[in-house]
Amino acid sequence: MRVYVPLTLSGLAEAHKSGELGTGAFTAYAVTPALREWYLSDDIEELEYAALNRAALASLRLLALEPGAPRRRVVVAVDVPDGAAMADPDRGLDPAALGEVRVAGPVRLAKAAAVHVDSDEAETDVTAATEALGAADAGDDDAQFVVDGAEDHELLWYATQEIPNLVGLGG
C-alpha cells in the first residue's frame, strides 16, 4: 500500500540521518474507503493525488508548529505492507481525517518511492497559509482562501537519491 507521509524539510533531514520515517507509529495519508467515497472517483491516480494533497495539508500544519523551518511542504511517498497502515473507523468520515491512516511503526526511508517538495516560488504562499491556518480552522473564509492558495502550487517530484541535496547535505 502506498502511503504519503507529511514532513518538513527538517523532518526529512532527520529521517535521512536516522534512515527511518517515524520513531514509532505515525500518521500518513492513503487511499482509504472514506477518501474514495468523498472523492467520488475510481481512478487510482486521481485518488492517490488526493491522498498526496491531504498529506501536503498536514505538512502545512507541521510547518505552523515549526516557525524556523523553511516554508516548503514535504511529502514522502512510501510503500508499506498491506495491513501496516490502518484507517481509524471512528474518524473515517470526519472531513479533517479523510485519507488519514496510522502506520504501525518506523519505515525504512530506503522504502520510499519519491519525495514531493514545494519549489522556492511557493514559499511566500506557504508562509501566508501557515499564518492563516488558525483563522481558517475557526471558519474565516478569507483565511481559508489563503490556505487554499498554497494548494495552487504543485509539489515537485524528487528521487530519493536527491534527499541530501534537498536537506542541504549534498555536495
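The values are calculated or read from the model by the stated rules, or taken from the named source; none is laboratory data. The model shown is predicted, which means the values in this text are computed figures rather than measured ones. So basically every Cβ, Gly included, is an ideal-geometry build from the backbone, and we count neighbours across all protein chains shown.
Quick check, is V5 under 14 Å from D79 (Cα atoms), assigned to a loop (DSSP other than H, G, I, E, B) and touching a Gly at 6+ places or on another chain (Cβ under 9 Å)? No. Scanning region 37-68 for residues that are part of a loop (DSSP other than H, G, I, E, B), at pLDDT 90 or above and in contact with a helix residue (DSSP H, G or I) (Cβ under 8 Å, 6 or more places away or on another chain) yields a single hit, E66. A single member of A28, A13, A34 is in contact (Cβ under 8 Å) with a residue 12 or more places away in the chain, part of a helix (DSSP H, G or I) and under 18 Å from D88 (Cα atoms), and it is A34.
For region 117-124, indicate whether the set of residues that are surrounded by 14 or more Cβ atoms within 10 Å (Cβ to Cβ) and more than 21 Å from H16 (Cα to Cα) is non-empty. Yes, region 117-124 has at least one match. Counting the residues of region 131-171 that are part of a loop (DSSP other than H, G, I, E, B) and either touching a Cys at 6+ places or on another chain (Cβ under 8 Å) or among the β-branched types (V, I, T) (or both) gives 1. Here N165 passes the criteria (1) surrounded by 13 or more Cβ atoms within 10 Å (Cβ to Cβ); (2) of a type in the set (S, T, N, Q); (3) over 16 Å from the mean Cα position of the chain (by Cα) except the one numbered (1). If you go through region 88-111 and keep only what is crowded, with 20+ Cβ neighbours inside 10 Å and touching a helix residue (DSSP H, G or I) at 6+ places or on another chain (Cβ under 7 Å), you end up with L98, G99, L109. Checked across region 53-69, the condition of being over 19 Å from A150 (Cα atoms) and either touching a strand residue (DSSP E or B) at 6+ places or on another chain (Cβ under 7 Å) or among the hydrophobic types (A, V, I, L, M, F, W, C) (or both) holds for no residue.
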